[in-house]
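Here the structure comes first, spelled out in structure tokens, and everything after it is commentary.
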């Protein structure tokens, strides 16, 4: 199988690529994650995922790799979008709004196919229910440092799972790479995954 450039420094996405047995090279794309007002949560996630792919193409300066994968995860509650927190105070604000409620986790995946120079982008949505949290629980979690660099200020595959009272949808979507959608994308774009 041809190697895929993974435009992400996310350890979770790397773990999923290893789980799938996909050859890959890591090339994080540090993009500006601001977005236009008025976009839906899905549109924001998809725009950022495509932007990550385009950043890698820009960095390669005309060299066309066979495959690039970019992904982006955001959280939405009552129409407000949560990306990565700016600082501890921002993380506290996010966790305070998420506690005791349901929220959507949207992960978009963009796959660049170097053969026809096309980008296929799809997204998946899961719903996470958080238990009610006391102030000291939020402070305890912030002290762990897990909130840094992740959408919504929590890692479900870490200690934040203590706060999760329910999930509707795919766990892999919440972690940052919706495996079913990604598998279908690979197959439909001609990547020889799952063939004997």
> Build a GNM of the chain with springs between Cα atoms under 10 Å: which of 69, 121, 162 gets the top mean-square fluctuation?
Replying inline: 162
>> How would 177, 142, 59 line up from fewest to most surrounding beta-carbon atoms within 10 angstrom?
In response: 59, 142, 177
>> Using a 10 Å cut-off around each Cβ, can you sort 94, 27, 1 from fewest to most neighbouring Cβ atoms?
In response: 1, 27, 94
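Compactness ratio of the chain: Cα Rg over 2.2 N^0.38 Å, N = residue count? Walk me through the intermediate numbers first.
On the way: Rg = 17.0 Å, N = 196, 2.2 N^0.38 = 16.3 Å.
Its radius of gyration relative to the 2.2 N^0.38 Å reference: 1.04.
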>> Can you compute the FRET efficiency between residue 63 and residue 18 using 1/(1 + (r/R0)^6), with r the Cβ-Cβ distance and R0 = 22 Å? Round to the nearest 0.05.
In response: 0.30
>> Mean-square fluctuation check for the chain, GNM, Cα pairs under 10 Å: which of 184, 109, 175 is largest?
In response: 184
>> Between residue 34 and residue 129, what is the label-point separation in nm under the 7 Å Cα-to-beta-carbon projection?
In response: 3.9
> Comparing 95, 133, 19, which has the greatest mean-square fluctuation in the GNM of the chain with Cα pairs linked when under 10 Å apart?
Replying inline: 19
> Does a label point 7 Å from the Cα of residue 159, set along Cα-to-beta-carbon, have any residues of segment 55-93 with amide nitrogen under 13 Å, and which are they?
Replying inline: none
> Is it possible to state the helix-based mean residue ellipticity at 222 nm for the chain, with each DSSP H run of 4+ residues giving -39500 (n - 2.57), the sum divided by total residues, to the nearest 500 deg cm²/dmol? What is it?
Replying inline: -10000 deg cm²/dmol
>> To check you understand DSSP bridge types, tell me what percent of the beta bridges within segment 1-114 (both residues inside) are antiparallel, rounded to 5.
In response: 70
> Counting DSSP beta bridges in the chain, what percent are antiparallel, to the nearest 5?
Replying inline: 85
> Counting other C-beta atoms within 10 Å, which of 140, 67, 147 has the fewest, and how do the rest follow?
Replying inline: 140, 67, 147
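Rule-based calculations on the coordinates, nothing more; no lab input. Predicted, not measured: the structure shown is a model, and the values here were computed from it. Don't worry about glycine lacking a Cβ; one is built from the backbone with ideal geometry, like all the others, and counts go over all protein chains shown.
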